[in-house]
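The values are calculated or read from the model by the stated rules, or taken from the named source; none is laboratory data. Keep in mind that what you see is a predicted model, and the values were worked out from it rather than measured. A quick note on method: Cβ atoms are made from the backbone with ideal geometry, for glycine too, and the neighbour counts reach across all protein chains shown. For accessibility, only protein heavy atoms count, side chains too; no ligands or nucleic acids. Shrake-Rupley method; radii C 1.70, N 1.55, O 1.52, S 1.80 Å.
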Amino acid sequence: MRSLSTYATTGDRIILDVTLNDGEMGTRVRFSEARQIKGRVIGTAPIDTITLVKNDEDIWERDYLTDSSTRTVSDGEFQLVFASDSLPYHPNDNPRGWRWWRGTLALEGARVANARGADFHTTTAHRLDLTDQGGLEFATYTRGDTSTITLDLADVRRGATLTLRLGAGVEFGGGPPRLRQHRKVPEAEVVLELRNLDRGMLTRVIPFDGYMDTVTLRRPVAEGVSDVAFEIEDEGTRHGDYYYVRVKQANDALAWSSPIWVGGFPKR
């Protein structure tokens, strides 16, 4: 920690190691126009993508997910994934706050036999209650990440449809916003038809105040590589360039390495 040779995750115990010209994460290496980035990821689930970021711009990405098969509509496990953007409204502002996802899930042609929150950590803010009609009442929140509800669907028939009715709620938390105050997220209705899943996934975008929040219904991904080594070559002529690696798993867990700087001088 003291040497800044660290990485961060959203909770899963992902192992991530990255070097640039043999310099470790969080360090500043001697200037060179040739930059060799090496790394290894050991995930807790199949690895979806590995992305190399240079000066806050994605310059390389590889998709490692192998489970892209199309499955027929049937009983079984599905994941309902909520995601919200958290980028600052303006470069001089703080990132966007948390977005509430509260509402009901009603089904036609299926019922919820069981439901559980994949990343619910508190009982005061997160809530899941099955209804007598085979639906669900829920509450969760996201901020630049995802929150997932795993659904065990039973009695699924052809043409089964899930209808989400999302209640209104005010954004909260994060650093004090200066240029964009917390806004009230309006009510919304999202319809998800199981027969429209493309390669096991269906995403609906919910535009809000310049952001593109999403709701995704998908089949869980169980197959794929979870131990990956990578090597990337890049060139640059500028002192102070910095690189870091972002990892996304099939279960939406993320990991980021600390940056590695090339040449230049540290800020004081």
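Numbers at a glance
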item: Qualifying position, being over 29 Å from residue 248 (Cβ atoms), modelled with pLDDT of 90 or more and in a strand (DSSP E or B), among 129, 152; result: 129
item: Segment 132-149 - residue that is touching a residue at least 24 places away in the same chain (Cβ under 8 Å), assigned to a loop (DSSP other than H, G, I, E, B) and open to solvent by 20 Å² or more (accessible area, probe 1.4 Å) and, of those, nearest to residue 168 (Cα to Cα); result: 143
item: Filter result (open to solvent by less than 40 Å² (accessible area, probe 1.4 Å), modelled with pLDDT of 95 or more and within 22 Å of the chain's Cα centre (by Cα)) within segment 224-246; result: 228, 230, 243, 245
item: Single match in 215, 221 (criterion: assigned to a loop (DSSP other than H, G, I, E, B), surrounded by 15 or more Cβ atoms within 10 Å (Cβ to Cβ), under 18 Å from the mean Cα position of the chain (by Cα) and not polar (S, T, N, Q)); result: 221
item: Flag for residue 39 being touching a residue at least 24 places away in the same chain (Cβ under 8 Å) and surrounded by fewer than 17 Cβ atoms within 10 Å (Cβ to Cβ); result: no
item: Answer from 48, 85 - the residue that is buried (at least 16 other Cβ atoms within 10 Å of the Cβ), outside any strand (DSSP E or B) and among the acidic types (Asp, Glu); result: 85
item: Index of the failed condition, residue 91 passing every other in (1) within 27 Å of residue 245 (Cβ to Cβ); (2) open to solvent by less than 40 Å² (accessible area, probe 1.4 Å); (3) not in a strand (DSSP E or B); result: (2)
item: Some residue of segment 63-77 being open to solvent by 50 Å² or more (accessible area, probe 1.4 Å), part of a strand (DSSP E or B), charged (D, E, K, R) and over 21 Å from residue 202 (Cβ atoms); result: no
item: Candidate set from segment 1-37 (those that are part of a loop (DSSP other than H, G, I, E, B) and hydrophobic (A, V, I, L, M, F, W, C)); member that is nearest to residue 142 (Cα to Cα); result: 14
item: Residue in segment 106-118 that is farther than 24 Å from residue 16 by Cα and part of a loop (DSSP other than H, G, I, E, B) present; result: yes
item: Leading residue by the ranking (most open to solvent (accessible area, probe 1.4 Å)) among those in segment 178-189 that are part of a loop (DSSP other than H, G, I, E, B) and touching a Gly at 6+ places or on another chain (Cβ under 7 Å); result: 187
item: Looking only at segment 25-56, and only at residues there that are acidic (Asp, Glu) and at pLDDT below 95, the one that is nearest to residue 240 (Cα to Cα); result: 56
